[in-house]
């Protein structure tokens, strides 16, 4: 059955606008603008789909093939973990992360921090590997969305640029195979969690 897609121009323009706004609201600190970010990355994309009379399922906003999604997530996490460990041992990454420095002071703070991280990761997945990825021409969707996602990491430690492209391409491929953002969310969030645990327990190596 043919499903009419939202125009590529609309999706790319929306993604660019949200990136600018999210960057602006992040300037006030880790917790500043969280509500606005939820509005921009989750609520607004869903409203766009509703206005265009599109089913969220056609944009990966469903569980999809859960068993395949979990299996692919495990494979991707195993592949990414050595890079995550390397970054966590780097002084540049340790100076930049965690975004909220008190997160490493106690288990309570760590839980609060990662609750917010999970919300933000979910919003990223809805926007980038939901609405954007599934709106682009299938032949180039993964590469194009990965480039846009990589650019969203501009200004962070420079090694995060190629890493974010690789992560986006890998989870984008998994999402397309499962027709779901589930692999993207699992890999994105758990890699963040593993990174922060390495920051706490792994001594800096260089």
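Read-outs throughout are calculated quantities, based only on the coordinates presented, and are distinct from any laboratory measurement. Keep in mind it's a predicted model, so treat the numbers as computed, not measured. Neighbour counts are summed over all protein chains in view; Cβ atoms, including those assigned to glycine, are modelled from backbone coordinates with ideal geometry.
Return one number: the angle in degrees, 0 to 90 and rounded to the nearest 10, between the long axis of the Cα atoms of helix 107-126 and the longest principal axis of the Cα atoms of the chain.
Value to nearest ten degrees: 30.
Students often check this: by mean Cβ neighbours within 10 Å, which of 56-69, 172-185 ranks highest, and how do the rest follow?
The packing order, highest mean first, is 172-185, 56-69.
Expected output is a single nm value to one decimal: the length gained when fully extending between residue 143 and residue 109, i.e. 0.36 nm times separation in residues minus the C-alpha distance. What is it?
Additional length available on full extension: 8.6 nm.
Given points 7 Å out from each Cα along the Cα-Cβ axis, report the residue 194 to residue 173 separation in nanometres with one decimal.
In this crude spin-label approximation the distance works out to 1.6 nm.
With no solvent and one point on each alpha carbon, what is the Debye value of log10 I(q)/I(0) for the stretch 96-206 at q = 0.09, 0.21 Å⁻¹?
-0.26, -1.14
Which length gain, in nm to one decimal place, applies between residue 74 and residue 91 when the Cα-Cα distance is subtracted from 0.36 nm times their residue separation? Can you show the working numbers first?
Values: separation 17, 0.36 × 17 = 6.12 nm, distance 2.78 nm.
Full-extension gain reported as 3.3 nm.
Give me the distance between the Cα centres of the stretch 59-98 and the stretch 133-203, rounded to whole Å.
Going from one Cα centre to the other spans 8 Å.
Ranked from highest to lowest mean number of other Cβ atoms within 10 Å per residue, what is the order of the peptides 101-109, 138-146? Each step should come with its number before you reach the end.
Numbers: 101-109: 12.4, 138-146: 16.6.
Put in order of decreasing packing, that is 138-146, 101-109.
Using the C-alpha atoms of the stretch 53-124, what convex hull volume per residue, in cubic angstrom, is computed?
140 Å³
What angle do you read, to the nearest 10 degrees and between 0 and 90, between the alpha-carbon axis of helix 66-88 and the longest principal axis of the chain?
That works out to roughly 40 degrees.
Rounded to the nearest whole Å³, what is the per residue volume of the convex hull around the Cα atoms of the stretch 85-130? Can you show the working numbers first?
Details: hull volume 4.3 nm³, N = 46.
So the per-residue hull volume is 94 Å³.
On alpha carbon coordinates alone, what is the Rg over Rh value for the stretch 8-201, Rh being the Kirkwood radius?
When Rh is taken as the Kirkwood radius, the ratio is 0.95.
In Å and on Cα atoms, what radius of gyration and Dmax does the stretch 103-161 show?
Cα-based Rg and Dmax for the stretch 103-161 come out at 14.9, 46 Å.
In whole percent, what relative contact order does the chain give with Cα contacts below 8 Å and a gap of six or more residues?
Values: 224 pairs, mean separation 69.3, N = 206.
Value for the chain: 34 percent.
Please determine, in degrees from 0 to 90 and to the nearest 10, the orientation of helix 8-26 with respect to the longest principal axis defined by the Cα atoms of the chain, where the helix direction is its Cα long axis.
That works out to roughly 30 degrees.
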